[in-house]
Amino acid sequence: PAGKPTLYGSLTRRGLSTEGVPDIAASEGFVVGEVTKKSILISCPHENVSTKFLAPNTTFCRIHQKSITCLDISSGGGLGVSTSTDGTMKIWQAANGEIRVRASSFDVVCCLFFPSGLVVLSGGMDAQLKIWSAEDASCVVTFKGHKGGILDTAIVDRGRNVLSCSRDGTARLWDCGKSACLGVIADCGSPVNGIAVGTADNSLNLGVPEKAPSEREVGTEGKILLLAREDKKLEGVGLQSRQPVFLFVGSDAFNCCTFLSSTYILAGTQDGNVYQLDVRNMNAPIQVIHRSGAPVLSLLPYRDGFIASQGDGTCFIVQQDLDYVLDLTEADCDPVYKVASWEKQIYTCCRDGIVRRYQLSGL
């Protein structure tokens, strides 16, 4: 609350054990739990909160020279792709950060592996959507049609169709085989900052298309497209029908959204709220999680929960069966723009130009 202190206590390192594990003491009101070389569990019994702070296992400082705007990890965990304000998109070995191929792409701001892991989808401030080979970084398809910078992309099923959203207020569906636009799924009149596609709960009425879908549309039936909008609205649209299904008004601009399941969705706002909602009843959120007032920049479903990253370097993991929140450290007030995972490894990219990898054990 305003006017109240934000500092409640301190931790002191008293020394190191022979194994190199720090000996940590906490001030009154705080309890130090398990401490390892990479993690410290702290709880505050009075407030009934516990956080495990986890340091990265590996930091990759050489992939980019400047701020990293987006990253993704291939489905097999072998490759990473990232875009940066240094004017490049790079594909690298996830094991050691070694660069495999690089593409000069000054305007590219978001990147995503296709399920095959052999090709990458990117979106740029030049309003172009591109498909690249992960082998040699050659651009194999370019989609044109947006009138403003592309802010996010998504892939439908195995990737015969892809989706994009833009500053121009639209979300579009594209046919990769013919590099053509299959239609405008939504036109919001306000920038669409993030999108997510998911299978809809059976109880939802997704509406009927006004005209029969093109035979080039593959895998759109029974799906919802979530739109995180700048005008404080989170919208659900029937992907095949193009009809609105639900609308939720939040506390500030929505930056990102994702599906936890066919019934539960998450969306993050510019003022630091993570809304968990049930698509069957969008009147009120199931819960609103607020760790810091900084913009929520990315949300990723993970096991029985999710990972969120924010504009002040906060990056945290919430799991249903854990009685503590996992806090991924070291970004130190620099925005963490994107999080990706492969099994028990979490990768983050940050304005400080570093890709960090965290190893989760015991989950």
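Given the options 125, 181, 105, identify the residue whose Cα lies farthest towards the positive end of the charge dipole of segment 104-203 (+1 on Cβ of Lys, Arg; -1 on Cβ of Asp, Glu). Sorting the options by dipole projection puts first 181. Per residue, the accessible area of the chain comes to 46 Å², computed with a 1.4 Å probe over protein heavy atoms only. Amide H to amide H, with H built 1.01 Å from N, residue 33 comes under 5 Å of 41, 42, 43, counting only residues 5 or more places away or on other chains.
Computed as a quarter of the hull surface, the mean projected area of the alpha carbon convex hull for segment 39-80 stands at 5.3 nm².
Considering only protein heavy atoms and a 1.4 Å probe, what is the carbon-and-sulfur percentage of the accessible area of segment 145-190? Heavy-atom surface of segment 145-190 belonging to carbon and sulfur, 1.4 Å probe: 41 percent. For the pair segment 330-349 / segment 97-136, the C-alpha centres are spaced 19 Å from each other.
Springs between Cα atoms under 10 Å define the GNM used for the chain, and in it the highest mean-square fluctuation of 140, 288, 21 occurs at 21. Entry note, the chain: relative contact order of 12 percent, from Cα contacts under 8 Å with a spacing of 6+ residues. Does segment 149-236 come out rounded, prolate or oblate by the C-alpha gyration tensor, with a ≥ b ≥ c the root eigenvalues, rounded set by a/c under 1.5 and, if not, prolate when a/b is larger than b/c and oblate if not? It is oblate, given that a/c is not under 1.5 and a/b is not larger than b/c. Once C-alpha pairs closer than 8 Å and six or more residues apart are averaged by separation and normalised to the residue number of segment 11-52, the relative contact order reads 26 percent. Strictly over 29 Å apart at the Cα level, which of 130/223; 178/344; 66/223 would you flag in this model? 178/344; 66/223, as the Cα separations exceed 29 Å there. For the chain, the dipole from Cβ point charges (+1 on Lys and Arg, -1 on Asp and Glu) about the Cα centre works out to 600 debye, to the nearest 20. Remark: segment 193-199, residue by residue, has Karplus-estimated 3J(HN,Hα) of 7, x, 9, 8, 10, x, 6 Hz, where x stands for each Gly or Pro and the curve is 6.51 cos²θ - 1.76 cosθ + 1.60 at θ = phi - 60°.
Evaluating 6.51 cos²θ - 1.76 cosθ + 1.60 at θ = phi - 60° for every residue in segment 285-293, the Karplus couplings come out as x, 5, 7, 10, 9, 9, 9, 8, x Hz, glycine and proline recorded as x. The distance separating the Cα centre of segment 139-188 from that of segment 1-34 comes to 49 Å.
Of the beta bridges in the chain, as assigned by DSSP with both residues counted there, near 95 percent are antiparallel. The residue list 60, 270, 197 was ranked by how far each Cα lies along the charge dipole of the chain toward its positive end, using unit charges on Cβ atoms, and 60 comes out on top. What the phi angles of segment 176-190 give under the Karplus curve with 6.51, -1.76 and 1.60, with θ = phi - 60°, is a coupling list of 5, x, 10, 6, 10, 7, 8, x, 8, 6, 8, 10, 9, x, 8 Hz, glycine and proline written as x.
In units of the compact-protein estimate 2.2 N^0.38 Å, the chain shows a Cα radius of gyration of 1.02. When only alpha carbons of segment 247-363 are considered, Rg and Dmax amount to 13.7, 41 Å. For segment 250-330, the relative contact order works out to 21 percent when only alpha carbon pairs closer than 8 Å and six or more residues apart are counted.
The values are calculated or read from the model by the stated rules, or taken from the named source; none is laboratory data. Nothing here was measured: the structure is a model prediction, and the numbers come from that model. We place every Cβ from the backbone using ideal geometry, glycine too, and count neighbours over all the protein chains shown. We work out accessible area using only protein heavy atoms, side chains counted, and drop any ligands, DNA or RNA first. Shrake-Rupley method; radii C 1.70, N 1.55, O 1.52, S 1.80 Å.
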